[in-house]
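Read through the structure below, which is laid out as structure tokens, and then see the notes.
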Amino acid sequence: MSARIGVAVMAVLLALYIALVGQRAWLLLVSGDPVGIGLGIALLVLPIIAVWALVRELWFGIRAQQLGRRLEAEGALPQDEVTLLPSGRVARADGDAVFPAYRADVESHPDDWRAWYRLGLAYDAAGDRRRAREAVRTAIRLERADPAR
């Protein structure tokens with residue numbers, strides 16, 4: 001739940017940033033000064049990129065959560081016995097210990113989105129957030145392409 005609150009706060013702050021930069025861009029565009037107009041055009045690009053990034057990340061979170069719920073409903077989420085830290089994260093040594101099994105599952109079933117999602121969870125438990133996101137993105141792409149959805 002705290003992750004959702006964090007996402008909501010960051011989204012609101014980004015929306016505020018977009019609004020303020022957009023306002024400054026508009027003021028520069030209507031200034032009539034060629035340099036101001038150039039800066040106004042440049043400032044319009046920043047909010048566009050910010051909106052694109054925000055939508056992309058929110059969509060990733062929504063899709064990842066949908067796949068997680070689907071795996072949970074199927075009873076296919078990992079059931080490994082791991083030690084949880086007070087923060088709720090998996091102890092890194094336990095994450096490293098369960099990782100090889102999920103990597104082997106992906107290697108034997110490279111087109112199975114479920115295997116990729118579980119690998120993403122294992123990467124996350126091992127502390128490798130970048131690879132975790134890549135694996136979950138692959139799971140989302142494979143699930144979307146799956147004709148048996």
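The values are calculated or read from the model by the stated rules, or taken from the named source; none is laboratory data. If you're wondering where the values come from, they're calculated on a predicted model, not measured in any experiment. Cβ coordinates were reconstructed from backbone atoms using ideal geometry, including for glycine residues, and neighbour counts include every protein chain displayed.
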Inset, instruction - Quick one: which residue in Q65, Q79 is closer than 23 Å to A8 by Cβ, without any contact (Cβ under 8 Å) to a residue 60 or more places away in the chain and outside the structural domain of A139 (by TED's automatic domain parsing)? - result: Q65
Inset, instruction - Check off (1) farther than 20 Å from A132 by Cα; (2) of a type outside the set (S, T, Y); (3) assigned to a helix (DSSP H, G or I) for P86 and give me the number that stays unchecked. - result: (3)
Inset, instruction - Residue by residue through the stretch 124-136, note down the ones that are touching a Lys or Arg at 6+ places or on another chain (Cβ under 9 Å) and either surrounded by fewer than 16 Cβ atoms within 10 Å (Cβ to Cβ) or under 19 Å from T83 (Cβ atoms) (or both). - result: D124, A125, A126, G127
Inset, instruction - Taking the options L54, L77, L71, L58, name whichever one is in contact with a Phe, Trp or Tyr (Cβ under 7 Å, 6 or more places away or on another chain) and closer than 30 Å to A145 by Cβ. - result: L71
Legend entry - Lone unmet requirement of (1) closer than 29 Å to R129 by Cα; (2) modelled with pLDDT under 90; (3) assigned to a helix (DSSP H, G or I) for G22: (1)
Inset, instruction - Go through G32, G6, G38 for me and flag whichever is at positive phi and exposed (fewer than 13 other Cβ atoms within 10 Å of the Cβ). - result: G32
Legend entry - Options I48, I18; residue that is without any contact (Cβ under 8 Å) to a residue 60 or more places away in the chain and out of contact with any Pro (no Cβ under 7 Å at 6 or more places or on another chain): I48
Inset, instruction - Kindly check whether there is at least one residue in the stretch 47-59 that is modelled with pLDDT of 80 or more, part of a loop (DSSP other than H, G, I, E, B) and either over 17 Å from Y123 (Cα atoms) or of a type outside the set (D, E) (or both). - result: no
Legend entry - Meets criteria (at negative phi, in contact with a helix residue (DSSP H, G or I) (Cβ under 9 Å, 6 or more places away or on another chain) and outside the structural domain of Y117 (by TED's automatic domain parsing)) for R56: no
Inset, instruction - Taking the options L46, L58, L121, name whichever one is within 30 Å of W26 (Cβ to Cβ), surrounded by 12 or more Cβ atoms within 10 Å (Cβ to Cβ) and under 14 Å from the mean Cα position of the chain (by Cα). - result: L58
